[in-house]
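Here is the structure we will look at.
The values are calculated or read from the model by the stated rules, or taken from the named source; none is laboratory data. Given the structure is predicted, the values throughout are model-derived calculations rather than measurements. In this analysis, Cβ positions are derived from the backbone assuming ideal geometry, glycine residues included, and neighbour counts consider all displayed protein chains. Quick note on the areas: whole protein, heavy atoms, side chains included, nothing else; ligands and nucleic acids left out. Shrake-Rupley method; radii C 1.70, N 1.55, O 1.52, S 1.80 Å.
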Amino acid sequence: MIPQSTIDRIIDAANIVDVVSDYVTLRRAGASYKGLCPFHDDKTPSFSVSPARGVCKCFSCGKGGNSVHFIMEMEQMNYVEALKHLAKKYGIHVEEEEMTDEQRQHLNERESMFAVNEWAASYFSQAMQNHPDGIAIGLAYFRSRGFRDDIIAKFRLGFCLDTPDTMSKEAKAKGYNEKYLVETGLCVKRDNGTIYDRFRGRAIFPWIAVNGKVVAFGGRVLDTRTKGVNQKYVNSPDSLIYHKAHELYGIFQAKKMIAKEDMVYMVEGYTDVLAMHQCGIENVVANSGTALNEAQIHLLHRFTNNITLLYDGDEAGIHAATRSTDMLLAEGMNVKILLLPDGDDPDSFSRKHSAQEFKEYVAAHQTDFILFKTNLLLKDAQRDPIKRAQLTEDIVKSIAVIPDEIIRSTYVHECAEILNMDEAILMRGANKNRAAILENLRKEAQRERERQARLQSQPSTPNEQTELTGETSSNAFLPQDTTSSEIPLVDDESFASITTAAEPSSPNTPLFSLAAEKNGAERFLGLERLMMTLIVRYGEQAIDGEGEDGEPIQTTLIEYVYDDLAYDGITLRSPLYAQMLHLAHAHIHDSDFVASKFLLNNQEESISREAADLISERYQLSKGNQMTQSEEQLKATYLARILLDYKNAIVEEELKQCNSDLTRPEIKNDISKTLDTMRRIKELCEIQRNLAKHLGDRVVMK
């Protein structure tokens, strides 16, 4: 177990903006930052990061938390693994004993595969730099292509020795499990159960994901076998940690420059990326011969809205430039095409020009995709009316996927001029196709709502429901653009007059029976959540209260809630909230205690996650309740109101139960039990009237 002091150091050092920026391009929005959510297909920035609170949250899908929770979600790690990941990032030493071979085998499968790949990347690099064959074959190849040593190091290029199992033997000698050598694709298992190295005799191009982890490898044959060979490149197969359709080569090395330049170049191959980096153009990635898909586009869209497709000027390059572009347009990307001069690819062209010359050529020759496609298809159609009609329909379909109405209208106008057609005809076609797209989206959304409804009906606890749906169970939590200092207020005109808590009818008797508290727990979750929100945010702060003799005293907000509930014999219905309140109360007098930090850094994941969620929630302020009171007065006043509402709900629940009991035969036919029940109803009605005085007479007595 990691000591709490070390956990505190890690979380304090892990700047939430810095951590999230490794995966998402953030832009300042007031005191916070916003970006596209990495956890769902986000079209508009709904992912908010608060550096002051140290938390992030998507107000669309609901995912977020502190730095540890974010890493857990992104990397599919457990709590301890995420802490260690952040500790490594910030250079914090975590005391732990050296792992044995047996312990390595029991690592989390994903982490084990990442560990094997990381070792392999280092092994391939060392083999190329230090082994005679690596220097003579692998390093010689990269240098023959003109790549400098800094580019070789930047992309962690390497070489796998041309022997059947040298790499795999070395890996097993280091304690790595053969299972993961096969599952990552580094090795292939023969029918007889033995394994051999997949990439033997090949130059190695590691695939590094956006988070900096090695997820796969590409290997290129170097010797005379390249002549006439069908497959010069071999890539890692899909695995638990790698899906080629979800990755882009060079994204890790390019992401910062993509965000800075607000534009990305898309090329086809490994060496195109390397050559452009060497030329000085770093905002470039490759799809390595596969058609772009939604996952890759979504990955790019985190960093920029602008993409230039950079391909050869031959027929194959033109064909590649027109693939998958409708998906780019549908994502709201601004797509441009640049076809290089005949005989040049990005690799060769970048070698002939400086970075400035390259950028000037791009600016002068890149073409907006819709106009490029229109001119291209028009050239193909020539005077054939059938082909002309088909190309028009094709262009209209591409325009229809663009989400921005103004951009669609602009394209329709320009295409109408190029095609010499009535603009209204093209607009009708675009609108018709757009309507069909929206209808399909509506149906998909309806299916998703039905799926979520089914999921919501399955969980047995509110926490499970929140985890599955990403939604809170209280309608009080409505996402609004509020500042971090705003306090949630109940929309009730009598709110301002509520300043005291209800008094018990007897100083020695609990107000409420335990039996009543065990029924209908979900009904009270919203009020308990509001209580815990104030406790997490302001629990250590002082508020005014009353002592047993009625004298005014100062107490902490945590103690106020804990003592008030304990006095009336009330235990929170949510076990998680009850545990959080108990822990906070037990440590309230610790040195430098801060409720938010104490709960957010708690080693128990459920507590830290819930604290992060409560810290990051936004609230709707009632316009009628934006008073001139101090924040401290508002907190105390609002807290008293929540406690009153909570107690009143318990009374109403027990009254309902008592009235139901009077109809039961075992009570109805027993005069003693009937009288006891009626006396309890009378007591509860008296309590309710007392509560009503403080609730602005909201409760209607019958």
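Per-structure values
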{"item": "Matching residues, region 312-337, being modelled with pLDDT of 65 or more and part of a loop (DSSP other than H, G, I, E, B)", "result": "312, 322, 323, 324, 331, 332, 333"}
{"item": "Condition met for residue 174 (surrounded by fewer than 16 Cβ atoms within 10 Å (Cβ to Cβ), in contact with a strand residue (DSSP E or B) (Cβ under 6 Å, 6 or more places away or on another chain) and not hydroxyl-bearing (Ser, Thr, Tyr))", "result": "no"}
{"item": "Members of region 588-603 that are open to solvent by less than 30 Å² (accessible area, probe 1.4 Å), closer than 23 Å to residue 65 by Cβ and assigned to a loop (DSSP other than H, G, I, E, B)", "result": "593, 601, 602"}
{"item": "Scan of region 111-140 for residues that are in contact with a Leu (Cβ under 6 Å, 6 or more places away or on another chain) and either among the polar types (S, T, N, Q) or more than 20 Å from residue 167 (Cα to Cα) (or both), ordered by number", "result": "none"}
{"item": "Sole exception among (1) over 23 Å from the mean Cα position of the chain (by Cα); (2) outside any helix (DSSP H, G or I) for residue 277, by number", "result": "(2)"}
{"item": "Subset of region 230-272 [within 15 Å of residue 291 (Cα to Cα) and open to solvent by 40 Å² or more (accessible area, probe 1.4 Å)]", "result": "243, 244, 245, 246, 268"}
{"item": "Residue count, region 549-562 (criterion: open to solvent by 10 Å² or more (accessible area, probe 1.4 Å) and either modelled with pLDDT of 85 or more or closer than 18 Å to residue 654 by Cα (or both))", "result": "4"}
{"item": "Residue selected from region 148-161 under the condition open to solvent by 10 Å² or more (accessible area, probe 1.4 Å) and either of a type in the set (Lys, Arg) or under 38 Å from the mean Cα position of the chain (by Cα) (or both), by the criterion nearest to residue 117 (Cα to Cα)", "result": "156"}
